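First comes the structure, then the notes that go with it.
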Amino acid sequence: MAGTNGVHAGHSGPIPAGALLHTVVLLPDAEHRLAQFLTALPLHTEGLTFGSWTAIELPRPCTWCDLEGEGWSFRLVFDPQGLPPAALASISAGNPSDECKQDLDEHQAACMIFLTNFPKDSSPWSRFQALARVAWSWVDAGASLLALPEAQLLLPRRLLMATEPANLSPDLSYMFLTNGVAEIEEKGEERKLWLRTWGLGQFGLPDLATSLASCPGEETRLERDLESLRLLFETLPPAMIREGGVLPIGGTVQVGERTWTAIGEPGAVDYPFLRSRCGVQLFV
């Protein structure tokens, strides 16, 4: 995987092997969209030049090329027929809103964007922002949805139009992360809820997770735990991204009446529902 020494990711066909980051934009139709993207790109980013475009017919018709400049490389894969069913299912895994479902159903074209190389001195946040600059050029070209598969997140055009990638900061990283229930374990009348974040791997960091017991008669306590946990999942990641690190083992965060403590090294647990590219840090 590219990401430690700025080494260019290997490529096999249009989909690059080992890209550091990727996103998908969905468009209501294919006509003129590529030309509009080419016009909008210089407004968001400078110094990128296009390689030659390659068209392929199988396994499905698409056009792809590389963007390169000043140590950055991106691969664009434009599909004039929209996403294939398997890819469509994977990007809608995070329970999209009704607004996003409609755009998913109606989209007629799509472009996958991969970050394949980056300057050695770039930070994880700057890499994400560089990807966003390319993606937002598709918003100017009429994209209806932006998908962040690692975060199981879809962002509608309405929200994207109100945001400029040049103005993004780690304090706004909550826009690109999600959290919720990952697994429910049933043991008699007791249930254990596993909750986690998705998407911190986009910034080179482990996702956050914990488990909460749900017992009859303790609904009020559980509601307070869940509210405190929601705030933890929304407020801690921006600080992690700004500082480029995780809470040390035994480190605590006070959220309302609850104190959350980091336990274990990221990646110390390997439940399938807790897997994340950079591991998961557990809290109690």
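The values are calculated or read from the model by the stated rules, or taken from the named source; none is laboratory data. Please read all numbers here as calculations on a predicted model, not as lab measurements. All Cβ positions, even for glycine, are placed from backbone atoms using ideal geometry, and neighbour counts span all protein chains on display.
A few comments on the model shown:
- Matching option when the condition is of a type outside the set (V, I, T), exposed (fewer than 14 other Cβ atoms within 10 Å of the Cβ) and either over 22 Å from E186 (Cα atoms) or in contact with a strand residue (DSSP E or B) (Cβ under 8 Å, 6 or more places away or on another chain) (or both), among E219, E243: E243
- Meets criteria (in the same structural domain as A30 (by TED's automatic domain parsing), touching a residue at least 24 places away in the same chain (Cβ under 8 Å), at negative phi and touching a His at 6+ places or on another chain (Cβ under 6 Å)) for W136: yes
- Verdict on G18 being touching a Gly at 6+ places or on another chain (Cβ under 7 Å), on the phi > 0 side of the Ramachandran plot and in the same structural domain as A135 (by TED's automatic domain parsing): yes
- Among residues of segment 250-282, those that are buried (at least 17 other Cβ atoms within 10 Å of the Cβ), in contact (Cβ under 8 Å) with a residue 40 or more places away in the chain and of a type in the set (A, V, I, L, M, F, W, C), counted: 5
- Qualifying position, being among the small types (G, A, S) and in contact with a Lys or Arg (Cβ under 6 Å, 6 or more places away or on another chain), among S276, S228: S228
- Just one of the listed residues (L38, L88, L76) is surrounded by fewer than 19 Cβ atoms within 10 Å (Cβ to Cβ) and either part of a strand (DSSP E or B) or at pLDDT 90 or above (or both), and it is L38.
- Filter result (touching a residue at least 40 places away in the same chain (Cβ under 8 Å), charged (D, E, K, R) and surrounded by fewer than 14 Cβ atoms within 10 Å (Cβ to Cβ)) within segment 91-121: E106, K120
- Unique residue being over 19 Å from P84 (Cα atoms) and at pLDDT below 95 when the list is L67, L43, L58: L43
- All told, T197 meets the bar of being closer than 25 Å to L232 by Cα, β-branched (V, I, T) and crowded, with 22+ Cβ neighbours inside 10 Å.
- The residues in segment 228-255 that are closer than 24 Å to P124 by Cβ and of a type in the set (S, T, N, Q) can be counted, and the count is 1.
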